[in-house]
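Asker: Okay, handing you the structure first.
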Amino acid sequence: MSVFDGLPPLREVIARYDIGAKKSLGQNFLLDGNLLDRIARVPGKLDGQSVYEVGPGPGGLTRALLRAGAVVTAVERDDRALPALAELSALAPGRLTVHGDDALAFDEAAHLPPGTHVVANLPYNVGTALFVRWLTAEPWQPWWASLSCMFQKEVAQRIVAAPGSDAYGRLSVLAQWRARPRIALELPPRAFTPAPKVSSAVVHVVPLPAPDGVRGPVLEALTAAAFGQRRKMLRASVRGMAGAIEALAECGIDSARRAETLSVAEFVAVARVLSQ
Ligand code: SAM
């Protein structure tokens, strides 16, 4: 029996510390311990591993991460949750550090050791911004060893989408050009308290070596232009980007095609020419 087995149910913690869910903070809590353990298993074995959790709230996922043996650093913007998290921290000396902060303002590389696993049920209002920041980290290999993050299912589908599908876009290319994303788990609305309107999914991402000669900001600008007007031909959508039409030609890509038909490798090839 571990020290975490005797903890009060999460519903009790929420009531005691008055952590009623606030929509403005994207709060949809997970209270089922078995489900939380499944999420904590997505990145693989965490025993002794450094984990970064954004938005622990009442601490359900944090408990699961601690049960898995992780050393957790967490950032929570809601002050109401901090006393509950302090109790948890006292039960796991040296294994849970909580910063009462905005994750968007948190300097991850300064606080977390290289090789940290990110595991988070992200607040929907800042989840994509954080995810894009992690995907565009420099230098590459990034400070994180893997990302296991909960998103609205529709966002998760955009992250893993293949060319030609409606979901394929800028987020797909940014997630796939030097990393491998997959949907690890899907959750219905009823898994959360309160239940959101839509389903959710946990996306697992591992970083891969970056392709040679491609500058990330160039690929970001190219995909922003190309998908900014996704229904248009590339020759129109990337017209404002110096050298882009010539780069398409150099890569043998017909500029009458539309962005959603280009593979990730084709975007990378064009970005490589533009990076020179
Ligand atoms: N981890 C808990 C769970 O799974 O039940 C709560 C997840 S809830 C979807 C999102 C959490 O992120 C909330 O606790 C919320 O207060 C916190 N949050 C919202 N915006 C934040 C921000 N900018 N920085 C840090 N935490 C934030």
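Asker: Which of Ala224, Ala92, Ala110 ends up with the largest GNM mean-square fluctuation for the chain, with Cα atoms connected below 10 Å?
Answerer: Residue with maximal mean-square fluctuation among Ala224, Ala92, Ala110: Ala110.
Asker: Checking the a/c ratio against 1.5 first, then a/b against b/c, what shape does the Cα gyration tensor give for region 216-275? Write down the numbers at each step before the final one.
Answerer: On the way: a/c = 1.30, a/b = 1.17, b/c = 1.10.
Judged from the Cα gyration tensor, region 216-275 comes out rounded (a/c under 1.5).
Asker: Considering only Ala137, Ala249, Ala68, give the residue with the highest GNM mean-square fluctuation for the chain, with springs between Cα atoms whenever their separation is below 10 Å.
Answerer: With Cα springs under 10 Å in the chain, the top fluctuation among Ala137, Ala249, Ala68 is at Ala249.
Asker: Going by a ≥ b ≥ c, the root eigenvalues of the Cα gyration tensor, does the chain fall in the rounded group (a/c under 1.5), the prolate group (a/b larger than b/c) or the oblate group? The partial results should precede the final answer.
Answerer: Details: a/c = 2.62, a/b = 2.07, b/c = 1.27.
Because a/c hits 1.5 or more and a/b exceeds b/c, the chain counts as prolate.
Asker: Pop out the ³J(HN,Hα) list for region 125-134 in order, Karplus 6.51 cos²θ - 1.76 cosθ + 1.60 with θ = phi - 60°, rounded to Hz; leave Gly and Pro as x.
Answerer: For region 125-134, the Karplus-derived couplings read 6, 10, x, 5, 4, 5, 4, 5, 4, 5 Hz, x marking Gly and Pro.
Asker: Moving on. Can you give the local net charge around Pro83? Use residues other than it whose beta-carbon is closer than 14 angstrom to its beta-carbon, Lys and Arg +1, Asp and Glu -1. Could you put the intermediate results ahead of the total?
Answerer: Values: positive: Arg16, Arg80; negative: Glu12, Asp18, Glu76, Asp78, Asp79, Glu87.
Surrounding charge for Pro83 is -4.
Asker: If you fit an axis through the alpha-carbon atoms of helix 216-228 and take the longest principal axis of the Cα set of the chain, what angle between them do you get, 0 to 90°, nearest 10?
Answerer: The answer is roughly 80 degrees.
Asker: So, taking all protein chains as they sit and a 1.4 Å probe, how much accessible area belongs to Ile183, in Å² rounded to tens?
Answerer: 50 Å²
Asker: Step through the residues of region 262-275 one at a time and calculate ³J(HN,Hα) from phi using the Karplus curve (6.51 cos²θ - 1.76 cosθ + 1.60, θ = phi - 60°), rounding each to whole Hz and writing x for Gly and Pro.
Answerer: Karplus-based 3J(HN,Hα) across region 262-275 equals 7, 6, 4, 4, 5, 4, 4, 4, 5, 5, 5, 4, 6, 7 Hz.
Asker: Show the residues, 5+ positions off or on another chain, whose built amide H is closer than 5 Å to the amide H of Leu46.
Answerer: none
Asker: For the chain, what is the relative contact order in percent, using Cα pairs closer than 8 Å and at least 6 residues apart in sequence?
Answerer: Values: 494 pairs, mean separation 41.4, N = 276.
Worked out over the chain, it gives 15 percent.
Asker: Which one, Arg95, Arg178, Arg133, has the greatest fluctuation when you compute a Gaussian network model over the chain with C-alpha springs under 10 angstrom?
Answerer: Arg133
The values are calculated or read from the model by the stated rules, or taken from the named source; none is laboratory data. Predicted model, so just to flag it, every value in this text is computed and none were measured. When we count neighbours, we look across all protein chains shown, and the Cβ atoms used for this are built from the backbone with ideal geometry, even at glycine. These accessible areas exclude ligands, DNA and RNA; they are computed on the full protein's heavy atoms, side chains included. Shrake-Rupley method; radii C 1.70, N 1.55, O 1.52, S 1.80 Å.
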